[in-house]
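Let me begin by presenting the structure, written as structure tokens, before commenting on it.
Each reported figure results from applying straightforward, stated rules to the coordinates on display, with no laboratory input. Here the structure is a predicted model, which means the values were calculated and not measured. With ideal geometry, Cβ positions are generated from the backbone for all residues, glycine too; neighbour counts draw on all protein chains shown.
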Amino acid sequence: DAKTTQPTSMDCAEGRAANLPCNHSTISGNEYVYWYRQIHSQGPQYIIHGLKNNETNEMASLIITEDRKSSTLILPHATLRDTAVYYCIVRVGLTGGGNKLTFGTGTQLKVEL
Amino acid sequence: EPEVTQTPSHQVTQMGQEVILRCVPISNHLYFYWYRQILGQKVEFLVSFYNNEISEKSEIFDDQFSVERPDGSNFTLKIRSTKLEDSAMYFCASSLQGVMNTEAFFGQGTRLTVV
């Protein structure tokens, strides 16, 4: 699996967009980029994933660069409840089961008033 | 919204005792997982389970660990003889398909404390 690099921590003002970067320069053509978050020792929560196109859902947007070596997760209007550790995970998109998620140390996002 | 439920939320056990952590995955999901997180450390994969058998396991998942889906709804993790270093949050997860095709849903975890 491709290794990812994320900043250790970031701050964001409430109501502003939070842009969380992730570098995955060794990503292969069949590897997806996944984002999960973990709010204060709760179970991780899926946010979004993508292969090469930008993706958007009700929680966030995912922007993947054209060379796919980096991506940015965007929370358009961050709230205090978005304070969490955000994990960028790169993994092959297999069709079978048993595909584990390998969590790194992630980015601690702190949303402040 | 469907969710993965885990019981108990907190379990304290003496070293050397057996513990069983219980999980009820989302009802139509086919793939089941256990992860653990030692305090202050990363979330670590333990095991994945599909079609009534283990499909993948990590080095952590040694002979002291076992998993079972006893009745078609519960998914359990058994630690045969607990050690102090087994103290951690244990998260169960499930997914409709293999986790790379759909999202994995995680439970809120069981905090295991071995004394």
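Structure summary
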item: Relative intensity, log₁₀ I(q)/I(0), of chain A from a Debye sum that treats every alpha carbon as a point, q = 0.10, 0.13, 0.22 Å⁻¹; result: -0.26, -0.45, -1.25
item: Using a Förster distance of 25 Å, the FRET efficiency for residue A:45-residue B:115 (Cβ separation, nearest 0.05); result: 0.25
item: Long-range amide H partners of residue A:48 with built H, under 5 Å; result: A:35
item: Simple spin-label estimate for residue A:11 and residue B:30 in nanometres, 7 Å along Cα-Cβ; result: 4.8
item: Residue mean of other protein chain beta carbons inside 10 Å, A:38-45; result: 6
item: Cα pair count fraction exceeding 22 Å, expressed as % - the protein assembly as shown; result: 52
item: Size of charge dipole - chain B - debye, nearest 20, with Cβ of Lys, Arg +1 and Asp, Glu -1, no other charges; result: 240
item: Isotropic mean projected area of the C-alpha convex hull, region B:1-102 (nm²); result: 6.8
item: Those lysines that a straight Cα-Cα span of less than 20 Å connects to residue B:83, excepting residues fewer than 8 apart in one chain; result: B:42, B:57
item: Unmatched cysteines, the protein assembly as shown - criterion: no other Cβ of a Cys under 4.7 angstrom; result: A:12
